[in-house]
Amino acid sequence: MTRKRAAILISGRGSNMVALIEAAKAPDYPAEIALVVSNVPEAAGLDRARGAGIATEVVDHRPFGKDRDAFDRRLDATLEAHRVDIVCLAGFMRVLSPWLVERWNGRLINIHPSLLPEFKGLHTHERALAAGVKQHGATVHFVAPELDSGPIIEQQSVPVLPGDTPESLAARVLEVEHRIYPLALKRLAEGRA
Ligand code: GRF
């Protein structure tokens, strides 16, 4: 079996990244985590990736200022240099240019902490509680130029419980995220997404 080379793009703690790294340790998992890239040099996830023996790169967005295309070109070159097949966004807090999304079309996925198409964007748990929904959850989807859109690969719900706070709800959703992201990457790497 030739395993697909996956890169994970992070900006922070990287708990979804860790879930993917752990899943990819299984001998029959169809993808290996070949690279972790962060746009934030001090992201805690970078240390966790290094500790797991994974190659890491930092592409700091700040020197690029408003030149998003130049940042994305550097990102793209980094992915190519590591011969990456699949890109997984996992708490990556930058919006990618349409050309980059197009270039990686079908090979670029994201995890979002809501039942898309509900609650696109930020602060999903606060907004779910404010809306009074009974079910919330997480979604892994292909990235499309429009934010938090694109075909869904995996989605799972959790109940919203009486007395939930954004934190308690986020923790319940995060458990689901850690389950469905490895499933989605597996499906994509096997050509079943
Ligand atoms: C997750 O909730 C993910 O769905 C969202 O950002 C958070 C990242 O958490 N896009 P982590 O860095 O994977 O722990």
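The values are calculated or read from the model by the stated rules, or taken from the named source; none is laboratory data. Every value quoted in this text rests on a predicted model; they were computed, and no experiment measured them. Backbone-built Cβ (ideal geometry, glycine too); neighbour counts: all protein chains shown. Heavy atoms of the whole protein, side chains included, go into the accessibility calculation; ligands, DNA and RNA do not. Shrake-Rupley method; radii C 1.70, N 1.55, O 1.52, S 1.80 Å.
Quick notes on this structure:
- Here ASN39 passes the criteria (1) under 23 Å from GLU190 (Cα atoms); (2) open to solvent by less than 40 Å² (accessible area, probe 1.4 Å); (3) of a type outside the set (Gly, Ala, Ser); (4) touching a Lys or Arg at 6+ places or on another chain (Cβ under 6 Å) except the one numbered (1).
- Scanning region 1-18 for residues that are surrounded by fewer than 22 Cβ atoms within 10 Å (Cβ to Cβ) and among the hydrophobic types (A, V, I, L, M, F, W, C), we see that the one that is nearest to the ligand (Cβ to nearest atom) is VAL18.
- Only one entry in ILE86, ILE153, ILE111, ILE54 is in contact with a helix residue (DSSP H, G or I) (Cβ under 9 Å, 6 or more places away or on another chain) and either more than 16 Å from the ligand (Cβ to nearest atom) or among the basic types (Lys, Arg) (or both), namely ILE86.
- Residue match in region 175-187 (condition: open to solvent by less than 20 Å² (accessible area, probe 1.4 Å) and over 14 Å from the mean Cα position of the chain (by Cα)): no
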